[in-house]
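Working notes, beginning with the structure itself.
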Amino acid sequence: MKWKVFLVLLVVVFQAEAKDPVAVGEGRYMLTHKGKTIFSSADKIVADLMGQAHKFCQRTTGHEANLLESSGQEAQVGRAGGALGTQPAQGAVGTIYFSCGPATGSGQTAGDRGDIYENLARLKGLLDSGAISQSEFDAEKEKLLQSKGH
């Protein structure tokens, strides 16, 4: 666990906006992004990162990106002076770990519910960015919910 925290901090410090994923193991990749303003959201960043991961996997392997783990920290409003000192504002941060491979089938058992919500977050990010329309979002959302028996 400590190596993950160190690696995330290292990447956040030296790579504020990832262009290509960083390889963190055999077939495992990481993307991270720190928002530039306090108006960013960790969920939106994670959804955007999944979009980048899908593009990377499609380009390099022709497969989908399979989310292994995600985390985020919401934006922090800064403080000016006073007894507690000055603290600058910080944008939200999101990090994902993923692998490239065939899309996971509906026969999966572990983490199915999490996968649904992560895919919904990814779709919402695509909707918010204008990459897909509301009707496309609704259709994909319905497919996701039906495929998992919800």
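The values are calculated or read from the model by the stated rules, or taken from the named source; none is laboratory data. All values derive from a computational prediction rather than experimental measurement. No Cβ is skipped: glycine too gets one built from the backbone with ideal geometry, and neighbour counts run over all protein chains shown.
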Quick check on the range 42-56. Is at least one of its residues in a loop (DSSP other than H, G, I, E, B), charged (D, E, K, R) and modelled with pLDDT of 60 or more? no
Say whether the condition of being farther than 16 Å from GLU118 by Cα and at pLDDT 85 or above is met by at least one residue in the range 76-89. no
Out of (1) at pLDDT below 70; (2) outside any loop (DSSP other than H, G, I, E, B); (3) in the same structural domain as SER40 (by TED's automatic domain parsing), the odd one out for ARG113 is which? (3)
Which listed residue is more than 23 Å from ASP20 (Cα to Cα) and surrounded by 16 or more Cβ atoms within 10 Å (Cβ to Cβ), from ALA53, ALA47, ALA75: ALA75
Can you find a residue in the range 57-72 that is assigned to a helix (DSSP H, G or I) and under 12 Å from GLY125 (Cβ atoms)? no
